[in-house]
Amino acid sequence: MGNLNNRTIIISLIIIVVAIIFSIKLFLLQVFDPSYKFSAESNTRRKITEYPARGLIFDRNNKLLVSNQAVYDIMVVPNEIEKIDTLALAQSMGIDIEEVKDLFRKMNENLRARKISSFRPSVFYKQMPAAQYGFFQEKLFKFKGFYGQRRIVRNYEYPIAANILGYLGEISEEELKKQPYYSQGDYWGISGVEKVYEKALRGEKGAKYVLVDVHGRQKGSFREGKFDIPAVSGKNLTLTIDRELQEYGELLMQNKIGSIVAIEPSTGEILAMVSSPSYDPSMLVGRNRNKNFPILANDTLYPLFNRPLQSGYPPGSTFKTINALIGLQEGVLQPHNRYECFMGYHTPALSVGCHYHISPLDLPQSIQMSCNAYYCHVFRNILDNPQYGSAKKGLNVWKDYLVKFGFGYRLGTDLSNEARGFIPNSDYYDQIYNGSWGSLTVVSLAIGQGELLTTPLQMANMTAAIANRGYWYTPHVAKDIENDTIPSRFLEPHFVDIDSSYFEPVIKGMELAIWGGEGSTARIAQIPGISICGKTGTAQNPHGEDHSIFIAFAPKEDPLIAVATYVENGSFGSTYGAPIASLIIEKYLTGQIHRSRKWIEKRMLEADLIHERNR
């Protein structure tokens, strides 16, 4: 009996202790930890994602290029919807009733497919403009289960630089699996700097909790904002681009197909990068994006194609500068070496034509007058150098120099989808000619033709390396990231392994090409008071008129800008490439065009190669 009483007492004590513990715990929860209320009050509160202001984008002179504007996604909680007047909803939203019916159909399909939950908010209508939402907001109380979610989209201050800035779009379901930061319906950078610098520009999302009544109307902050998480604005991005130069370049290239790339040689900063034809970046903002993107994507002139980064062209005679430098470094060419030109380079097996000019020529004159025969001799001397024993080994040595200039591989710029171009090696020709070939077989490489493919960005980079007398910096468009640093690889010089002394006769030839008088191929590029150096190129085009190419830098002794221009179907390099490049250089260095060159500017602005070609 005593044992029973003891067990009863022990059990009673245990029950009392447990009760006391639960009472204390309940007391603590009620008095010191209100989180239980947070859960209990879930039916009267709503979590609203606070989207941060995306970082602003400026040009190198701190001129605003890209800002933000508010739009509103109309959200719906399907389980909260009561009997609804579809016509009234359409009128309140400012859209057609058929569109509203279609939106309900899509919502129901997503519910059946379990893509959305009937108890959780999902997007009903995307990106309603702020003015339109202001009217709808006044009517929201009539439509239980609906509310507005503020979003941020881009506002482009100028209709330029679409290929650089890029655009935003909704993240795909596939990418959502890889990117835990984002939620369905979020927007992120699809191309351009918006994509490359997405993490810096996007900021960090926050959350706001608000009280709502039975009609879903917001009645104020929940628990005085105690559980709110503030959004963190994105970092501002300053670009290397000069807005005025970019705008001017796009004007010069209107109604033409091609590109302009301008680089500051001492830093690798891209001053302008024009892709033509292009488009107004505001076309891909907000609800207009769904309508305009297919139009741009199906345009036969490919305005979405970033030509400076993705086009592959033969470099033409501009490549003679590189072959001269390689010949000098390899010791198979001296500046005073002279070669005859009999309207071209002729052998029993092959002829390479050339235009009329005085003959023979030394190295600077060969660049001045762009002699094809001269460079056939130089190129064959490089490949047939006795120290290599065969043209195959000589070609691979030649290619190694080109790689150091940035050809054949991606330069590593901070814009996506950069093409490699193509530089053939001996294995490539072995496959084509079954191992039986020599320097004469591939002599078209001497004048930048044959299988060579380069991008306009690579050509501008080559020009910067010449201007620097032997080194280059990776071209890039990010100059400064707020409270951060640009990638260190943009600050490291790349040397081309050619002695700086060998650049002088080549640069002398580039100077003579513009200032050398009769026979000079680029006299049209003369700028009063500026020592500009350049080289014309004409790339053969089997599909029509040849492409007009020009590379140049200025001033000669202290280069501030290096430019490469490509104008498709523009004929000779002096026809369009040289005038456009010289205007870009003059605009950048002086801020205006000299009155003696206004006629050139007028001709370039008015030239319409696109419609002329289609007539």
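For this structure, a couple of remarks:
- Taken as a whole, the stretch 320-327 holds at least one residue that is of a type outside the set (D, E, K, R), in contact with a Lys or Arg (Cβ under 6 Å, 6 or more places away or on another chain) and not in a loop (DSSP other than H, G, I, E, B).
- Test: residue in the stretch 184-201 that is farther than 22 Å from Leu56 by Cα and over 25 Å from the mean Cα position of the chain (by Cα): yes
- Enumeration of residues in the stretch 249-289 that are assigned to a helix (DSSP H, G or I) and either at positive phi or buried (at least 23 other Cβ atoms within 10 Å of the Cβ) (or both): Gly249, Leu252, Pro281, Leu284
- Tabulated pairs, the stretch 342-362, first at pLDDT 90 or above, second aromatic (Phe, Trp, Tyr), C-beta under 6 angstrom, 6+ apart or interchain: Val352/Tyr345; Pro360/Tyr339; Leu361/Tyr374
- Residue within the stretch 83-97 that is farther than 22 Å from Tyr133 by Cβ and more than 36 Å from the chain's Cα centre (by Cα) present: yes
- From the list Leu589, Leu609, the lone residue that is touching a Lys or Arg at 6+ places or on another chain (Cβ under 6 Å) and surrounded by fewer than 24 Cβ atoms within 10 Å (Cβ to Cβ) is Leu609.
- Within the stretch 136-181, considering residues that are farther than 18 Å from Ser278 by Cβ and among the polar types (S, T, N, Q), the one farthest from the chain's Cα centre (by Cα): Gln137
- Of all the criteria given as (1) under 14 Å from Lys320 (Cα atoms); (2) more than 37 Å from the chain's Cα centre (by Cα), the one not satisfied by Ser370 is (2).
- One residue stands out among those in the stretch 590-600 that are touching a residue at least 60 places away in the same chain (Cβ under 8 Å) and part of a helix (DSSP H, G or I): the one that is nearest to Ala272 (Cα to Cα), which is Thr590.
- Residues of the stretch 560-573 that are assigned to a loop (DSSP other than H, G, I, E, B) and either of a type in the set (Phe, Trp, Tyr) or buried (at least 24 other Cβ atoms within 10 Å of the Cβ) (or both): Glu568, Gly570, Phe572, Gly573.
- Check on Phe293, farther than 21 Å from Val563 by Cβ, hydrophobic (A, V, I, L, M, F, W, C) and in a helix (DSSP H, G or I): yes
- Members of the stretch 579-602 found to be closer than 14 Å to Ala522 by Cα, of a type in the set (A, V, I, L, M) and over 25 Å from the mean Cα position of the chain (by Cα), listed by number: Ile600
- All positions within the stretch 69-98 that are buried (at least 17 other Cβ atoms within 10 Å of the Cβ) and part of a strand (DSSP E or B): Val71, Tyr72, Asp73, Ile74, Met75, Val76
- Residue among Tyr339, Tyr375 that is surrounded by fewer than 23 Cβ atoms within 10 Å (Cβ to Cβ) and not β-branched (Val, Ile, Thr): Tyr339
- Any strands (runs of 3 or more DSSP E) falling wholly within the stretch 451-559 and containing at least 3 residues that are touching a helix residue (DSSP H, G or I) at 6+ places or on another chain (Cβ under 8 Å) and at pLDDT 95 or above: 471-473, 533-539, 547-554
The values are calculated or read from the model by the stated rules, or taken from the named source; none is laboratory data. Treat the numbers as computed from the prediction; the structure is a model and nothing was measured. Heads up, the Cβs are rebuilt from the backbone with ideal geometry, glycines too, and the neighbour counts pull from every protein chain shown.
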